[in-house]
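Worksheet for the structure shown next.
The numbers here are math on the coordinates, done by the rules we state, and not lab data. Bear in mind the structure is a predicted one, so any value in this text is a computation, not a measurement. Counting neighbours? That spans all protein chains shown, and the Cβs are built from the backbone with ideal geometry, glycine included.
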């Protein structure tokens, strides 16, 4: 994501609790990435831009993430986001490396 930025607001407690519940006991890196990206989407007005969705012919709003970001971008966003909200990213990084 060299030189690119997105603005994300800090999720409220309810969003974080829902995120933790959605993750459950999952050890799947894919599930962790999916749920984290959904949480980021819900807290990023830039990603919710309807005109952007129309221009990119996005039907499912969460698909914008896969259109705009590759795996490396997502991992970088997740690391920064988890640090921002106070979650330790070590477990997530380890799960991604092991999958």
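Just want the ordering: 39, 16, 56, from fewest to most Cβ atoms lying within 10 Å of their own Cβ.
Values: 39 23, 16 15, 56 12.
Least to most surrounded, the residues fall as 56, 16, 39.
Hey, quick one: spin label on residue 71, modelled 7 Å out along Cα-Cβ, who in the stretch 1-35 has an amide N within reach, i.e. under 17 Å?
Residues passing the 17 Å test: 1, 28-35.
If each residue's Cβ is checked for other Cβ atoms within 10 Å, how do 40, 64, 6 rank with the fewest at the top?
Lowest count first: 6, 64, 40.
With label points built 7 Å along Cα→Cβ from the Cα atoms of residue 50 and residue 7, find their separation and express it in nm.
Going by the 7 Å Cα→Cβ label model, 2.0 nm.
If each residue's Cβ is checked for other Cβ atoms within 10 Å, how do 47, 23 rank with the fewest at the top?
So the residues, fewest neighbours to most, are 23, 47.
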